[in-house]
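Colleague: Have a look at the structure that comes next, please.
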Amino acid sequence: MLNVSINDVVRLKKPHPCGSTDWTVVRIGADIGLRCNGCERRILIPRRTLEKRLKTFVSRAQADPDSTSSSAHVDA
């Protein structure tokens with residue numbers, strides 16, 4: 001199974017109609033949400049489809065050590 005994280009930038013094999021081949025991961029789950037870095041279009045594709053279309057990782061997101069702490073709770 002492919003290990004992707006939010007804010008990873010991936011390059012797909014075929015270009016988007018706008019001409020860009022780079023996408024930013026915006027959602028993780030059974031479907032992967034991607035945002036085109038050229039025109040900001042958002043798409044959802046199945047994880048398996050992403051694994052087939054992926055050419056390379058342009059950049060990987062940095063893990064935030066504070067994201068797992070309980071201080072992330074915001075009171076309304």
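Colleague: Search the stretch 1-28 for residues being assigned to a loop (DSSP other than H, G, I, E, B) and in contact (Cβ under 8 Å) with a residue 40 or more places away in the chain, and hand back the single one that is farthest from Ser59 (Cα to Cα).
Modeller: We begin by selecting, within the stretch 1-28, every residue assigned to a loop (DSSP other than H, G, I, E, B); these are 1-8, 13-21, 28.
Imposing the further condition that a residue be in contact (Cβ under 8 Å) with a residue 40 or more places away in the chain reduces the set to 1-2, 4-8, 13.
Details: Met1: 19, Leu2: 15, Val4: 11, Ser5: 11, Ile6: 11, Asn7: 9, Asp8: 6, Lys13: 16 Å.
Going through the qualifying residues, I end up with Met1.
Colleague: Among the residues of the stretch 15-46, write down those that are within 11 Å of the chain's Cα centre (by Cα) and among the charged types (D, E, K, R).
Modeller: Asp22, Arg27, Asp31, Arg35, Arg42
Colleague: Which is out of contact with any helix residue (DSSP H, G or I) (no Cβ under 9 Å at 6 or more places or on another chain), hydrophobic (A, V, I, L, M, F, W, C) and at pLDDT 90 or above, of Val74, Val58, Val26, Val10? Reasoning before the result, please.
Modeller: Details: Val74 fails: at pLDDT 90 or above; Val58 fails: at pLDDT 90 or above; Val10 fails: out of contact with any helix residue (DSSP H, G or I) (no Cβ under 9 Å at 6 or more places or on another chain).
When all the criteria are applied, what remains is Val26.
Colleague: In the stretch 29-47, how many residues are surrounded by 13 or more Cβ atoms within 10 Å (Cβ to Cβ) and not in a strand (DSSP E or B)?
Modeller: 4
Colleague: Report the residue count in the stretch 21-62 for those that are of a type in the set (A, V, I, L, M, F, W, C) and closer than 14 Å to Met1 by Cβ. Show your work before the answer.
Modeller: Initial filter on the stretch 21-62 (of a type in the set (A, V, I, L, M, F, W, C)): 23, 25-26, 28, 30, 32, 34, 36, 39, 43-45, 50, 54, 57-58, 61.
In the following step, the residues that additionally are closer than 14 Å to Met1 by Cβ were identified as 28, 30, 32, 50, 54.
Residues flagged as of a type in the set (A, V, I, L, M, F, W, C) and closer than 14 Å to Met1 by Cβ within the stretch 21-62 amount to 5.
The values are calculated or read from the model by the stated rules, or taken from the named source; none is laboratory data. Keep in mind that this is a model prediction, so the values were computed, not measured. Cβ: placed from backbone, ideal geometry, glycine included. Neighbour counts: every protein chain shown.
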